[in-house]
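The values are calculated or read from the model by the stated rules, or taken from the named source; none is laboratory data. No experiment lies behind these values; they were computed from the predicted model shown. Here Cβ is always computed from backbone atoms with ideal geometry, including for glycine, and neighbour counts include all displayed protein chains. These area figures cover heavy atoms from the full protein model, side chains too; ligands, DNA and RNA do not enter into them. Shrake-Rupley method; radii C 1.70, N 1.55, O 1.52, S 1.80 Å.
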Amino acid sequence: MRVAIMQPYFFPYIGYFQLINCVDVFVIYDEIEFTKKGWINRNRILNNGSDKFITLPLKKGF
(Lines give C-alpha, C1' and ligand atoms only; values in the text may rest on other atoms or scores of the structure.)
Protein backbone atom coordinates (compact mmCIF):
# COMPACT_ATOMS: atom_id res chain seq x y z
CA MET A 1 0.00 0.00 0.00
CA ARG A 2 1.31 3.44 -0.94
CA VAL A 3 0.37 6.49 1.13
CA ALA A 4 1.01 10.17 0.37
CA ILE A 5 0.63 13.05 2.82
CA MET A 6 0.48 16.64 1.58
CA GLN A 7 -0.70 19.97 2.90
CA PRO A 8 -3.57 21.69 1.10
CA TYR A 9 -2.79 24.22 -1.61
CA PHE A 10 -4.70 27.12 -3.15
CA PHE A 11 -4.99 26.04 -6.81
CA PRO A 12 -2.89 22.87 -6.60
CA TYR A 13 -0.37 22.18 -9.35
CA ILE A 14 -0.56 19.21 -11.74
CA GLY A 15 1.98 17.19 -9.73
CA TYR A 16 -0.40 17.27 -6.76
CA PHE A 17 -3.07 15.48 -8.79
CA GLN A 18 -0.55 13.06 -10.28
CA LEU A 19 0.52 12.12 -6.76
CA ILE A 20 -3.11 11.49 -5.75
CA ASN A 21 -3.50 9.23 -8.78
CA CYS A 22 -0.38 7.18 -7.94
CA VAL A 23 -1.20 6.23 -4.34
CA ASP A 24 -3.75 4.07 -2.57
CA VAL A 25 -4.36 6.51 0.30
CA PHE A 26 -3.99 10.28 0.11
CA VAL A 27 -3.98 12.29 3.35
CA ILE A 28 -4.44 16.07 3.48
CA TYR A 29 -2.43 17.22 6.48
CA ASP A 30 -3.81 20.58 7.53
CA GLU A 31 -2.74 20.75 11.18
CA ILE A 32 0.64 22.34 10.50
CA GLU A 33 2.11 25.75 11.15
CA PHE A 34 1.37 28.22 8.36
CA THR A 35 4.40 29.02 6.18
CA LYS A 36 4.66 32.68 5.20
CA LYS A 37 5.53 33.27 1.54
CA GLY A 38 4.67 29.64 0.77
CA TRP A 39 2.29 28.27 -1.82
CA ILE A 40 -0.52 27.29 0.55
CA ASN A 41 -2.55 30.47 0.02
CA ARG A 42 -1.16 31.79 -3.28
CA ASN A 43 -0.25 30.73 -6.76
CA ARG A 44 1.23 32.14 -9.93
CA ILE A 45 -0.70 32.41 -13.19
CA LEU A 46 0.33 33.51 -16.65
CA ASN A 47 -1.38 36.75 -17.72
CA ASN A 48 -0.53 38.28 -21.11
CA GLY A 49 2.86 36.58 -21.14
CA SER A 50 3.92 37.59 -17.62
CA ASP A 51 3.61 35.96 -14.23
CA LYS A 52 1.01 37.30 -11.81
CA PHE A 53 0.44 36.18 -8.25
CA ILE A 54 -3.04 35.49 -6.96
CA THR A 55 -3.37 35.33 -3.21
CA LEU A 56 -6.13 34.17 -0.90
CA PRO A 57 -6.16 36.59 2.05
CA LEU A 58 -6.10 34.81 5.39
CA LYS A 59 -7.27 35.92 8.80
CA LYS A 60 -4.57 35.85 11.47
CA GLY A 61 -4.78 32.95 13.92
CA PHE A 62 -5.72 33.14 17.56
**Prompt:** How many percent of the alpha carbon pairs in the chain exceed a separation of 20 Å?
**Reply:** 40 percent
**Item:** Student exercise, the chain dipole from Lys, Arg, Asp, Glu Cβ charges, in Debye to nearest 20
**Value:** 340 debye
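For the chain, what does the accessible surface come to per residue with a 1.4 Å probe? Please give it in Å².
90 Å²
Report the net charge of residues surrounding K36, where surrounding means a beta-carbon distance below 14 angstrom and charges are Lys +1, Arg +1, Asp -1, Glu -1.
+2
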**Message:** For the chain, what does the relative contact order come out to in percent, with C-alpha contacts under 8 Å and a separation of six or more?
**Reply:** 33 percent
**Request:** Quick one: pull the percent of accessible area on the chain belonging to carbon and sulfur, 1.4 Å probe, ligands and nucleic acids left out.
**Result:** 57 percent
**Item:** Net charge, F11 excluded, C-beta distance under 13 Å - Lys, Arg +1, Asp, Glu -1
**Value:** +3
